[in-house]
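Take a look at the structure set out below.
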Amino acid sequence: MQICMSDGVADVVLTCTLVEEGAGLGGMGGGHFTRTPATLILRDVAVGPDESLEELTPFVPPSIPDPDLLLFEAKVSSPEIPNANVLLHADCNEQEVMCELSSYSPRGFEENSDRVFFMVSLSVDEVDFSTALILETLKVEKDESTLMQSKLGLPLSQSGTLLTDLIFVVFTHIKSVSAPLRSDVLLNCGFKQQDTPLAQEVGIEWRLQHRGKGRKVLEMKRALDDTEGSTIVDGERAGSSINAAQVVGEGNASLTLTTLKVGDEGTYICTVSLGPFHSQQVIQLRMIQPPDVSLSVEKLVLKSSSSQKLSCHSSKYYPLDSQIEWFSLSPTDTEPQLFKDQGSLSSHRQHGDGTFTLSSHIAVPPTTVPGTKIICKVSHTALEEPLFVSVVVEPPEPNSYWWILGFLIITVLFFYQVMG
């Protein structure tokens, strides 16, 4: 990736791949995809006043234009790409930028139309940045000297690039989010378009895909001129909503979900439609619920001749992964030691709300030193740190026979002294 900056804007050069559907067996389409190296030059990316870009390497087009190279050039000052500063620093932060281009056909456009469009998918590894761009090729006045790109058959500029204009952006600031059960969550999705609207009505659809099944969560249509009564909202998931005013005023198509359940987990697809143009973003929603941890007894008294059963319960957690370990800390130890016998685990029990419970059982031998602390450690993905519960081993109670005999002797002696 290369960057060149001047006058508060920067040109970002990205290494990309042009993805095209190839021919399958027997010449049928859809068999496989071909991937061809390409370069995307984003012109006039807005740079904040606090940005410090040193040792910049300007993009220099080939001295002799090469019709075999795929060089896409796009001016992105209007509309702007939100959070594009992430692209500026990806190389320095050793983050991989994933860039894919593909041919795009708006609904209702004929294939032989003079207007040619491309879709660009941009994301940055380990960063919440995901953006889809729709580019439209600019008209190039052709003459005898005009070079044609050999693969796409499109006219090139004098510098050998395919000149395009950014017309539509759909983005999200959060690619994945985790939320606890019964909480509320906001799934971010937004869009931008050119100053000249692509259409007079915007359509928003949110869908949920999970384990091979899909369903519509919410659909909205809204006139961009803010005509009264122009909003149509169909929310199929109770507690789902979208702010229609923000859709029009800010291009904010974010979805709010209240009182989350396990069934809300999955892949959410935000599709924004403007007339014949549409694009989407994907957000992963993971449900989490930390376990409640408890022991089967509050007091553990040793028996002189048999082991004592002790259970640790990890209850009402989600997702499934939960680990239970046992430790002991004797009065003479400074650090807990792993319990010699980790006992047995119950099978996972699933509750009606989708959460799980797991129990672990150990036998505390009668030879355990009184004062020893028995510790249960529970680890789970919803916990920042493991949870610990413990009980202190108490010495055996006196034998009940001798206790009763002693009580009778004391009682007889007491009455003897009184009567005497």
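The values are calculated or read from the model by the stated rules, or taken from the named source; none is laboratory data. Since this is a predicted model, take the numbers as computed values, not measurements. Counting neighbours? That spans all protein chains shown, and the Cβs are built from the backbone with ideal geometry, glycine included. To get the accessible areas, we keep the full protein, side chains included, count just its heavy atoms, and leave off ligands, DNA and RNA. Shrake-Rupley method; radii C 1.70, N 1.55, O 1.52, S 1.80 Å.
Tabulated data
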| quantity | calculated |
| --- | --- |
| Qualifying residues in the stretch 206-220 (those that are of a type outside the set (D, E, K, R) and touching a strand residue (DSSP E or B) at 6+ places or on another chain (Cβ under 9 Å)) - the one surrounded by the most Cβ atoms within 10 Å (Cβ to Cβ) | 206 |
| Residues that are open to solvent by less than 20 Å² (accessible area, probe 1.4 Å) and acidic (Asp, Glu), drawn from the stretch 260-275 | 264 |
| Any hit, the stretch 276-293, residues being farther than 30 Å from residue 214 by Cα and surrounded by 17 or more Cβ atoms within 10 Å (Cβ to Cβ) | yes |
| Residue check, residue 143 acidic (Asp, Glu) and without any contact (Cβ under 8 Å) to a residue 24 or more places away in the chain | yes |
| Failed item, numbered, when residue 259 is tested on (1) in a loop (DSSP other than H, G, I, E, B); (2) modelled with pLDDT of 95 or more; (3) in contact with a Leu (Cβ under 8 Å, 6 or more places away or on another chain) | (3) |
| Residue within the stretch 180-189 that is touching a helix residue (DSSP H, G or I) at 6+ places or on another chain (Cβ under 9 Å), farther than 18 Å from residue 45 by Cβ, in a strand (DSSP E or B) and not polar (S, T, N, Q) present | yes |
| Residue under evaluation residue 123, criteria (1) surrounded by fewer than 18 Cβ atoms within 10 Å (Cβ to Cβ); (2) within 27 Å of the chain's Cα centre (by Cα), criterion not met | (1) |
| Pairs, first more than 30 Å from residue 198 (Cβ to Cβ) in the stretch 165-183, second among the basic types (Lys, Arg), C-beta under 6 Å, six or more apart | 178/286 |
| Residues that are over 22 Å from the mean Cα position of the chain (by Cα) and part of a loop (DSSP other than H, G, I, E, B), drawn from the stretch 231-242 | 231, 236, 238 |
| Among the candidates 321, 341, residue that is acidic (Asp, Glu) and more than 28 Å from residue 179 (Cβ to Cβ) | 341 |
| Test: residue in the stretch 100-110 that is under 23 Å from residue 138 (Cα atoms) and in contact with a Cys (Cβ under 7 Å, 6 or more places away or on another chain) | yes |
| Enumeration of residues in the stretch 317-342 that are under 30 Å from residue 285 (Cβ atoms) and open to solvent by 80 Å² or more (accessible area, probe 1.4 Å) | 321, 323 |
| Positions within the stretch 190-205 being open to solvent by 20 Å² or more (accessible area, probe 1.4 Å) and assigned to a strand (DSSP E or B), in sequence order | 192, 193, 201, 205 |
| Residues of the stretch 363-375 that turn out to be open to solvent by 10 Å² or more (accessible area, probe 1.4 Å) and either in a strand (DSSP E or B) or in contact with a helix residue (DSSP H, G or I) (Cβ under 6 Å, 6 or more places away or on another chain) (or both), as a count | 3 |
| Some residue of the stretch 300-316 being modelled with pLDDT of 95 or more, on the phi > 0 side of the Ramachandran plot and open to solvent by 30 Å² or more (accessible area, probe 1.4 Å) | yes |
| Residue satisfying condition, being in contact with a strand residue (DSSP E or B) (Cβ under 9 Å, 6 or more places away or on another chain), modelled with pLDDT under 95, surrounded by fewer than 16 Cβ atoms within 10 Å (Cβ to Cβ) and of a type in the set (Ser, Thr, Tyr), within set 157, 230, 150 | 230 |
| In the stretch 312-340, residue nearest to the chain's Cα centre (by Cα) [restricted to those that are in a strand (DSSP E or B) and over 11 Å from residue 375 (Cα atoms)] | 318 |
| Residue count for the stretch 130-147, restricted to those that are open to solvent by less than 70 Å² (accessible area, probe 1.4 Å), hydrophobic (A, V, I, L, M, F, W, C), in contact with a strand residue (DSSP E or B) (Cβ under 7 Å, 6 or more places away or on another chain) and over 14 Å from residue 101 (Cα atoms) | 1 |
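Rundown of residues vs (1) touching a residue at least 12 places away in the same chain (Cβ under 8 Å); (2) hydroxyl-bearing (Ser, Thr, Tyr), yes/no style:
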site	(1), (2)
347	no, yes
350	no, no
354	yes, no
359	yes, yes
371	yes, no
377	yes, no
